[in-house]
Amino acid sequence: MKTSTSSDKHPFPTRIIVIVLWLLLWQAAYLAVGEDLLLASPAATLVRVAQLAVSGSFWGIIVQSLGRILTGFLLGLVCGTAVAFATAHSRWAHAFVSLPMNIIKATPVASFVILALVWISGKNLSVFIAFLMVLPLVWSNVHQGIKSTDPKLLEMAKVFRLPHASVLRSITVPAALPYFLSAARVGLGFSWKAGIAGEVIAIPTAAIGTQLYNAKVYLETADLFAWTAVIILLSVLLERMMLVGFDALTKRLSRMKREVRE
């Protein structure tokens, strides 16, 4: 799995023009439909977002949803990485783990949500769902990264009898880190969307998914579009924050590679 490069990014003016064009198309669709119950206008959605932002419960709802979903995401990162290191050097361990991982990847989120509700409270369900979405993705990518370690470097480490900790820090981790970062970036989006979907089904108190469900039940189309816009904005913000962290880790990776060569 590869991350997007700087060449994939469009200039800022181009992105602004594209956003404006899509907003105009949205407005045109709104005028064509001519019914607020079926489609909210961009202006009505923006006004509703502003109204929600100054309400007392808005930020508490966001913090609680973010906290639960990010907790599951981080648990998936840690557990997926640990399992990948445990299975990288054992064919039998890999075969044993690959079956449930493939099942998790193939099973729809809604099925996991319904099954998990039997054992897990609605409040904690999004933690579990976010964890499941990230776990197999991180495991498969980190496993692939470890297996891609340069055998010549490993042979050199063996010849010079480097300590296992030094091999891990200077050879194995730099090889696996790009795969880990790629999985983390994709997994964040998966866990965020799956966590919100789990909230829509489980309907916990003080959750973004619950607000979406209530907007649908009470036919509050502007609320439905407003909360969807909030979800998108938070997703973009989380990705930007992660990219900042990626830059720092990439610089560290480059330094580690230079140390190995020297």
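The values are calculated or read from the model by the stated rules, or taken from the named source; none is laboratory data. What you see is a predicted model; the values in this text were computed from it and never measured. Note: ideal-geometry Cβ built from the backbone for every residue, glycine included; neighbour counts use all protein chains shown. Side chains included, ligands, DNA and RNA excluded: accessible areas come from the protein's heavy atoms. Shrake-Rupley method; radii C 1.70, N 1.55, O 1.52, S 1.80 Å.
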Given axes a ≥ b ≥ c from the Cα gyration tensor, I'd like to know whether region 10-66 is rounded (a/c under 1.5), prolate (a/b larger than b/c) or oblate. oblate
Shape call, region 1-118: gyration tensor on alpha carbons, a/c limit 1.5: prolate
Assuming R0 = 35 Å, can you tell me the calculated FRET efficiency for the pair Cys79 and Ser57, based on Cβ-Cβ distance, to the nearest 0.05? 0.60
Among Lys251, Lys105, Lys193, which one shows the highest mean-square fluctuation when the chain is modelled as a Gaussian network with alpha-carbon springs under 10 Å? Lys251
Once the other residues with Cβ under 14 Å from the Cβ of His143 are scored (Lys, Arg +1; Asp, Glu -1), what is the net sum? +3
Based on alpha-carbon centroids, what's the gap between region 82-148 and region 21-78 in Å, whole number please? 29 Å
Cα-based helix-to-principal-axis angle, 12-33 vs the chain, degrees rounded to 10: 40 degrees
How far, in degrees from 0 to 90, does helix 122-147 lean away from the longest principal axis of the Cα atoms of the chain, to the nearest 10? 40 degrees
May I ask for the angle, rounded to the nearest 10°, between helix 58-87 and the longest principal axis of the chain, with both axes built from Cα atoms and the value confined to 0 to 90°? 20 degrees
Between Ser65, Ser148, Ser182, where does the largest GNM mean-square fluctuation fall for the chain, given springs only between Cα atoms within less than 10 Å? Ser148
Run the accessible area of the chain with a 1.4 Å probe and give the carbon-and-sulfur part as a rounded percent. 69 percent
So what is the accessible area of the chain per residue, in Å², with the probe set to 1.4 Å? 59 Å²
Report the FRET efficiency, 1/(1 + (r/R0)^6), for Lys216 and Lys152, where r is their Cβ-Cβ distance and R0 is 51 Å, rounded to 0.05. 0.30
Give the ranking of Tyr213, Tyr179, Tyr218 by solvent-accessible surface, highest area first, calculated with a 1.4 Å probe. Tyr218, Tyr213, Tyr179
Can you tell me how much longer the chain between Ala93 and Ala206 gets when fully stretched, taken as 0.36 nm per residue apart minus their C-alpha distance, in nm with one decimal? 36.6 nm
Taking every other residue with Cβ under 14 Å from the Cβ of Ala197 and scoring Lys and Arg +1, Asp and Glu -1, one gets +2
Can you work out the Karplus-derived ³J(HN,Hα) for every residue in region 210-220? Use 6.51 cos²θ - 1.76 cosθ + 1.60 with θ = phi - 60°, whole Hz, and x for glycine or proline. 5, 5, 4, 4, 5, 4, 5, 5, 8, 6, 8
For the chain, set up a GNM with springs between Cα atoms under 10 Å and report which of Ile232, Ile103, Ile129 has the largest fluctuation. Ile103
Between beta-carbons, use under 13 Å as the cut-off and find the net charge around Ser41, counting Lys and Arg +1, Asp and Glu -1. -1
Hull shadow area, averaged, the chain [alpha-carbon convex hull, nm²]: 17.5 nm²
Between Met242 and Ala50, what length comes free when the chain is fully extended (0.36 nm per residue of separation minus the Cα-Cα distance, one decimal in nm)? 66.5 nm
Any chance you could count the Lys pairs in the chain whose alpha carbons are under 29 Å apart, treating pairs 8 or more apart or on different chains as valid? 23
Between Leu168 and Val118, the FRET efficiency computed from the C-beta separation at R0 = 35 Å comes out, to the nearest 0.05, as 0.30
Rough spin-label spacing in nm, given labels placed 7 Å along Cα→Cβ, for Ala43 and Ile17: 2.6 nm
